[in-house]
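The values are calculated or read from the model by the stated rules, or taken from the named source; none is laboratory data. All of these numbers come straight from a predicted model, not from anything done at the bench. Note that we place each Cβ from the backbone using ideal geometry, even for glycine, and neighbour counts take in every protein chain shown. Accessible surface areas use protein heavy atoms only, side chains included; no ligands, DNA or RNA. Shrake-Rupley method; radii C 1.70, N 1.55, O 1.52, S 1.80 Å.
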Amino acid sequence: MASNISGFELVNTEDKGRCLKATRSFRKDDVIFEESPLISCQFPWNAFYGYLSCHHCLRPLETAEQCARRLANDSSITLPYPEQCGVLRTRERQRKCEECGILYCSEECRLEAFKKYHETLCRLRAPLEGLLEIWRNCHFPPETCSIMLIARIFAMVCQAGNPQDILSTLKEFQCQAVCDSICHKILGEKFTEQLTRLHECMAGIFVEPVYQELLLPDNFKALFVLVGRNGQGIGTSSFAAWQRNTELANVDDRATLENDIEALYDKFEEFSGGFLDVEGSGLYVVQSKLNHSCLPNAEIKFPHSNHRLVISALRDIAPGEEICISYLSECLLNRSRHTRHKFLRDNYLFACTCGLCTSQAGDPDVTSSEEEDEEEDEGMRDGNQDASKADDAMEALNINL
């Protein structure tokens, strides 16, 4: 799970609930901690469109050139310095599940997935296709939630030596309610029919007694809140890794290369939009304790090109200072206080009281026409989900995990 965790502590506060505070100094760019997820999963739409990544750790299995062609929808793209693509050096390590043909980046990932959840899901692969079809008909890209992440939670509970171990770990994402009346937007009236269909399908697939508590209607809804609110988008990209490698390499004409890369990103943005680097999502026990700030002092990175994340300092952090990240995209961070608060309220169920929001408390509660046009799209973009506040909704649902 997490490593390098000696530099902070979990603190309970009256105004913000649980938070992480530094117990020593961190300098800008220092790694605060690294963490592997409790569970992660590729987004179903990415898998449907053939985006190749490890079925377990989400490591890219397509070359940087293949990635660039897909993101730009341009099969004519040819990247220089192909030797800087790490995928080419690791293809011989790739393994498949002998039963279903699912691809992994290594034998280690294949074995870990089989032991953790895939033994169950492999034998259910036919009925799970029906579940995925229902999901694709009611949830369209860009995805910020995944029915397969919930399916993997079910499988983990089944395969665990003691199911209560998994259920107890899920409780790590909960906290005491501060408001009994709030409800995540995914439980709104317009999603009632879709959630009912997904619940009925799941109940028809996961029929063993061990699943019955999770399948109680309120508990099933609560799992959606947990995944929708706590799921961290996982950014893995063979093109981004290739770019990092070329920055460190001795190239002949760096200025031309940088201009070409910038032009490619323009093409990516035009065809794939701002969600281009997010391959899937995962649940992280320690990282989920990080609160939001519109002036964050830390950020999330995926430097290993898999689902293991790194929290690093954006600036110097003093002992006793709360470690905060932003749940908002860079674009949303530049919006008005009113727009930021609307997004945070709708998606994470809290009102931000960071230094920036406090200083802008007197600003009028209006949204520009440009922001209104982009609000709905931005509302679907992924940021880190707020576990330390998210489970107000679960408390309201009386989930009994």
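So here's what we get for this one:
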item	result
Conditions (1) of a type in the set (K, R); (2) in contact with a Cys (Cβ under 7 Å, 6 or more places away or on another chain); (3) more than 22 Å from S359 (Cβ to Cβ): number failed by R308	(2)
Of all residues making up region 13-69, the number that are aliphatic (A, V, I, L, M), without any contact (Cβ under 8 Å) to a residue 60 or more places away in the chain and farther than 12 Å from E279 by Cβ	0
C100 at pLDDT 85 or above and hydrophobic (A, V, I, L, M, F, W, C)	yes
Hits in region 312-327 (condition: hydrophobic (A, V, I, L, M, F, W, C) and either open to solvent by 10 Å² or more (accessible area, probe 1.4 Å) or in contact with a Leu (Cβ under 7 Å, 6 or more places away or on another chain) (or both))	L314, A318, I323, C324, I325
Near pairs, Cβ below 8 angstrom, 6+ apart or cross-chain, from region 217-234 (on the phi > 0 side of the Ramachandran plot) to any residue that is in a helix (DSSP H, G or I) and open to solvent by 10 Å² or more (accessible area, probe 1.4 Å)	none
Scan of region 328-359 for residues that are open to solvent by 20 Å² or more (accessible area, probe 1.4 Å) and in contact with a Gly (Cβ under 8 Å, 6 or more places away or on another chain), ordered by number	S329, C331, D346
Residue within region 254-277 that is touching a residue at least 60 places away in the same chain (Cβ under 8 Å) and closer than 21 Å to L149 by Cβ present	yes
Residues being in a loop (DSSP other than H, G, I, E, B), open to solvent by less than 60 Å² (accessible area, probe 1.4 Å) and at pLDDT 90 or above - total across region 8-37	3
Qualifying residues in region 38-50 (those that are farther than 30 Å from K289 by Cβ and in a loop (DSSP other than H, G, I, E, B)) - the one most open to solvent (accessible area, probe 1.4 Å)	Y49
Answer residue from region 154-176, given it is over 15 Å from the mean Cα position of the chain (by Cα) and closer than 14 Å to F224 by Cβ and is modelled with the highest pLDDT among those	F154
Filtered residues of region 276-317 (kept if in contact with a helix residue (DSSP H, G or I) (Cβ under 8 Å, 6 or more places away or on another chain) and not in a loop (DSSP other than H, G, I, E, B))	E279, G280, S281, G282, L283, S288, K289, N291, H292, I300, L309, I311
